[in-house]
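Throughout, read-outs are computed from the coordinates displayed, never taken from laboratory work. Given the structure is predicted, the values throughout are model-derived calculations rather than measurements. Neighbour counts are summed over all protein chains in view; Cβ atoms, including those assigned to glycine, are modelled from backbone coordinates with ideal geometry.
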Amino acid sequence: MKRLFPFIFGIFFFGSILAKTQAAELPIFYLTDLEGSWTRLQAFYEKSGAFDKDVNGQYHLKPHVRFVYGGDAHDRFLGDLRVVRDLVRLKEETPGLVTLIAGNREIVKMRIWLELFATHFPQAIRGYPADVIQSWTTGGAQDRAVDRLKFILEKTMGAPQAFQLRAKELDEMDLAHDDNSVVASYLFSFRPSGEFRKLLKYSQLAEIFGPNLFVHSSITKENIGLIPGQPVRERNVRIWKNRLNDWYQTQISEWEQAVDREKAWSGIGDRPANDLILYPLPAPGQKIKQDNVVTGRNIDDHNNLVLPDPEVIKILTEQGIHRLIGGHTPSGHAACIARTVDGSFESIVADNSYCKNENVVSVVRIKNLKLRVTGEFNPVPEKNIFIPISATTEIFKPSFIGQKFPDDQSLIIGMTPEGQFVSFRMQNYKNQYDIQTTDAVCKRLIAHTGSSE
């Protein structure tokens, strides 16, 4: 009970500590991991309240509001062409208020142009697993751009439906949608005026606003301060962020120069921008690559969110970073929040791309030290009924939100409209939600703490 006392005291007496950092003034709205869902993007526009709709049905960011998109715009749902075009348009309309974070699904697409035109395709794909290479050499496909693109997307990019989804989207847009037209749509997007090239150029690997640090995935003890090609880690987090983004832009420029040449890459030797292309990719036999901010993540063996290493939290908080916001790791139907007991640091993961109901979207709103997340969750999949959920936290103020039950490691992620707490965990990669009263939460935490004294 002694260990739980500071936590309970903070909740019921609303104790707080003065902020150590100058918080960002503008409210920030955050969305991530659409993975091609045009429907979910529309749902975010409508539910966030951060956008105005014009007479033509287009949404525009309201004045005095920031929008951060956390990466992974492509591949798994219908609409990635329109999603990318809208993100680019928003950035061009208000460049100082829209931040685009590069995800692994953006970075990996840099390979498409290089490999489509490689004169030695078998050598170009030599780094892939042997069974993948064999599926090309023995699969009977003709060595055409169509065959190469289908193979690259399905076998090497985790996007088995992307080609067919692009054809369907072109059809919905009343455009030619045969196989060659699909290839042409990808190729045009790499041109200087193409939406994909613009998305890459407008993106960055990390951003900081006040006490909030945004990356595609997370900050780990392996990636903090690390800049590819540099032997010494950068200790100042803000300087690290700037240098990491500078390195990213240097790699993008190298890739652009190659794409604009008549022959971008033969397939032999290192690819242009190879360092960036490899940056988020695990080595053969490696499950997770932790030394990068794109795919490095803080999870347990069941894919549940955990806080970063205590030393990482110490480094961040001492430099005024008290909130880490990312995606990349599917977290059920609603955003997940993990917090320190004293409320001085919290981590948010808002990747809900595995929710099949595309009208469900997590809306993350940040204002100074305060955070509010709204969304929906489905506690009983067989019934397909979604219940509203919300979570409100404030840095330096303890809360039940973001705490884990020690008995089953489920995370308290929000509350229902009736004021009951919602906990979540993944078990065998299946979502498990539980709804409990405040009394039940207190008893569960106290009972466990008491039993360990």
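What to note about this one:
- Expected 222 nm ellipticity per residue - DSSP helices of 4 or more, -39500 (n - 2.57), all of the chain, to 500: -9500 deg cm²/dmol
- Ranking of S410, S331, S390 by count of other Cβ atoms within 10 Å, fewest first: S390, S410, S331
- The relative contact order of region 5-451 comes to 17 percent, based on Cα pairs under 8 Å that sit 6 or more residues apart.
- Charge tally for D179 (other residues, Cβ to Cβ under 11 Å; Lys, Arg +1; Asp, Glu -1): +1.
- Peptides 28-36, 230-238, 373-381 ranked from most to least packed give 28-36, 373-381, 230-238, packing being the mean of other C-beta atoms within 10 angstrom over each peptide's residues.
- In region 244-331, inverting the average of 1/r over every pair of distinct C-alpha atoms gives 15.9 Å as the Kirkwood radius.
- Counting only DSSP beta bridges with both residues in the chain, the antiparallel share comes to about 70 percent.
- Pairs beyond 25 Å (Cα-Cα), from K109/K263; K201/K370; K241/K289; K109/K430; K109/K221; K168/K356: K201/K370; K109/K430; K109/K221
- Whole-Å distance, taken between Cα centres, linking region 157-183 and region 302-334: 36
- Formal net charge of residues neighbouring N242 (Cβ-Cβ distance under 12 Å; K, R +1; D, E -1): 0
- Residues S37, S193, S344, S266, ranked from the fewest to the most other C-beta atoms within 10 Å, line up as S193, S266, S344, S37.
- For peptides 361-369, 425-433, 392-400, sequence by mean Cβ density within 10 Å, most packed first: 361-369, 392-400, 425-433
- P(r) tail for the chain: Cα pairs beyond 27 Å make up 55% of the total.
- Added length on full extension, which subtracts the Cα-Cα distance from 0.36 nm per residue, D131 to Y354: 77.6 nm
- For region 144-225, GluC sites (Glu not before Pro) meeting the loop criterion (DSSP other than H, G, I, E, B) and having at most 16 other Cβ atoms within 10 Å: E222.
- Between the C-alpha center of region 80-117 and that of region 194-225 there is a gap of 13 Å.
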